[in-house]
Amino acid sequence: MVAPRLAEVEDVLRACSRVPEIPLLEEVLGAVLLAPGKRLRPALALHVAAIVGGRPEAVAKLAAATEVLHSATLVHDDIVDSSPERRGQPAVHVMWSQKIAVLAGDYLFATAADLVAQLDRPVIVRLFAATIHDMSTSEFVTPTYDDDGKLAREQYLRKIGHKTASLFALACEAAAVLGDCPAAEQKAFRDLGWSLGMAFQITDDILDISGLVAETGKPVGTDLRAGLVTLPVILYLGDRAGDDDPVRAVLTGKATDDADVMQALDAIKSSGAVEDAAAVAGRYAVQAGAALDRVRPSPSRESLAAFIHQATERTR
């Protein structure tokens with residue numbers, strides 16, 4: 001069980017949010033770091049640490065660093081994507097200003113770097129730097145659909161691989177390094193995290209199409225409204241869509257009413273594209289399980305297997 005260790009991570013996050021000499025910054029950091037969230041990346045690091053060991057204080061700092069890094073990217077992503085909300089609350093750039101959001105995101109990146117530096121493990125510092133590079137370059141990849149479904153799918157998988165899966169991989173691999181695992185086992189944990197991240201993001205994109213607001217906590221069709229081409233949309237357009245298709249109309253901004261969006265969502269759901277996308281997510285989950293099989297046996301390994309199942313079979 002990692003719940004007690006997550007409490008230690010929360011303590012680190014609270015400490016990171018305290019900047020009493022700058023009340024405005026402290027207010028923003030509190031809104032970002034202390035808001036309710038899944039804490040998936042810290043939990044993943046803690047699950048790995050439960051298998052391989054590591055000093056509790058160092059593990060808590062590492063796990064917190066993954067959450068701080070994730071939070072930094074979200075603050076900047078919301079600016080790039082002009083997203084008005086985050087987790088049901090106004091985004092930082094909406095609640096305060098774009099300038100404040102940029103500066104707060106920068107501060108969070110520095111905070112994550114400081115937490116990692118305290119571990120005194122240069123390999124982990126390099127892993128964090130490489131992940132930030134991957135996540136940054138992902139913003140230059142924008143999947144589009146121009147009758148080339150294969151290209152759109154390649155672009156989509158590359159983007160989520162750099163943007164989402166890389167951070168999951170980091171959480172696993174860095175925890176393995178901290179536990180002084182053999183190189184082969186570190187690779188197994190990295191492969192596990194990457195595959196899990198891919199499955200998780202595809203599942204997230206499916207929920208944007210077919211999820212329930214009461215469960216997800218956010219309106220369905222958000223990505224579609226924003227013109228984002230995700231895997232369910234790519235699979236739908238590849239086999240089923242014509243020039244006058246309702247999904248194309250929403251993606252291109254020709255149809256913007258709620259009724260138009262609902263019609264587009266219904267078209268995707270009734271086509272079988274959601275099930276096809278779920279099958280792709282399932283294959284990545286199987287890959288994650290195969291990577292876990294390369295990890296030393298332990299009771300905690302079974303807990304990590306359950307974590308993989310929960311992350312990919314979720315409804316929110």
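The values are calculated or read from the model by the stated rules, or taken from the named source; none is laboratory data. Because the structure is predicted, anything quoted here is derived from the model rather than measured. When we count neighbours, we look across all protein chains shown, and the Cβ atoms used for this are built from the backbone with ideal geometry, even at glycine. Protein only, heavy atoms only, side chains kept; ligands, DNA and RNA dropped before computing areas. Shrake-Rupley method; radii C 1.70, N 1.55, O 1.52, S 1.80 Å.
Points to keep in mind about this one:
- Residue among GLY105, GLY88 that is in contact with a Lys or Arg (Cβ under 7 Å, 6 or more places away or on another chain) and of a type outside the set (A, V, I, L, M): GLY88
- Test: residue in region 62-84 that is open to solvent by 30 Å² or more (accessible area, probe 1.4 Å), farther than 24 Å from VAL220 by Cα and over 15 Å from the mean Cα position of the chain (by Cα): no
- Test for VAL116: is it assigned to a helix (DSSP H, G or I), under 26 Å from THR222 (Cα atoms), hydrophobic (A, V, I, L, M, F, W, C) and touching a residue at least 24 places away in the same chain (Cβ under 8 Å): no
- Region 11-22, residues that are touching a Leu at 6+ places or on another chain (Cβ under 9 Å) and either surrounded by fewer than 18 Cβ atoms within 10 Å (Cβ to Cβ) or without any contact (Cβ under 8 Å) to a residue 24 or more places away in the chain (or both): ARG14, SER17, ARG18, VAL19
- Taking the listed residues ALA305, ALA278, ALA311, ALA285, the one that is touching a helix residue (DSSP H, G or I) at 6+ places or on another chain (Cβ under 8 Å) and over 22 Å from TYR156 (Cβ atoms) is ALA305, with no other qualifying.
- Filter pass, ASP180 being open to solvent by 10 Å² or more (accessible area, probe 1.4 Å), more than 21 Å from VAL68 (Cβ to Cβ), part of a loop (DSSP other than H, G, I, E, B) and in contact (Cβ under 8 Å) with a residue 40 or more places away in the chain: yes
- Check on ALA175, crowded, with 21+ Cβ neighbours inside 10 Å, part of a helix (DSSP H, G or I) and modelled with pLDDT of 95 or more: yes
- Of all residues in region 10-47, those that are closer than 20 Å to ALA171 by Cα and touching a Gly at 6+ places or on another chain (Cβ under 7 Å) total 1.
- All positions within region 49-61 that are crowded, with 24+ Cβ neighbours inside 10 Å, touching a residue at least 60 places away in the same chain (Cβ under 8 Å) and within 21 Å of SER17 (Cα to Cα): VAL59
- Filtered residues of region 66-107 (kept if of a type in the set (Gly, Ala, Ser) and modelled with pLDDT under 95): SER82, SER83, GLY88, ALA91
- Residue match in region 163-178 (condition: within 20 Å of ALA226 (Cα to Cα) and of a type outside the set (Asp, Glu)): yes
- Listed by first and then second residue, the pairs linking a residue in region 64-78 that is touching a residue at least 12 places away in the same chain (Cβ under 8 Å) to a residue that is part of a helix (DSSP H, G or I) and aromatic (Phe, Trp, Tyr), with Cβ atoms under 6 Å apart and 6 or more places separating them unless they lie on different chains, are ALA72/PHE109.
- Meets criteria (touching a helix residue (DSSP H, G or I) at 6+ places or on another chain (Cβ under 8 Å), farther than 30 Å from VAL59 by Cα and among the small types (Gly, Ala, Ser)) for GLY149: yes
- Only listed residue being touching a Phe, Trp or Tyr at 6+ places or on another chain (Cβ under 7 Å) and either surrounded by 15 or more Cβ atoms within 10 Å (Cβ to Cβ) or of a type in the set (Lys, Arg) (or both), chosen from LEU6, LEU25, LEU46: LEU25
- Every residue from region 258-316 that is of a type in the set (S, T, N, Q), more than 21 Å from ALA184 (Cβ to Cβ) and either more than 21 Å from the chain's Cα centre (by Cα) or open to solvent by 90 Å² or more (accessible area, probe 1.4 Å) (or both): GLN263, SER270, SER271, GLN310
- Residue selected from region 108-147 under the condition at pLDDT 95 or above and acidic (Asp, Glu), by the criterion least open to solvent (accessible area, probe 1.4 Å): ASP134
- Taking (1) among the hydrophobic types (A, V, I, L, M, F, W, C); (2) closer than 25 Å to VAL2 by Cα; (3) touching a residue at least 24 places away in the same chain (Cβ under 8 Å) in turn, ALA306 satisfies each apart from (3).
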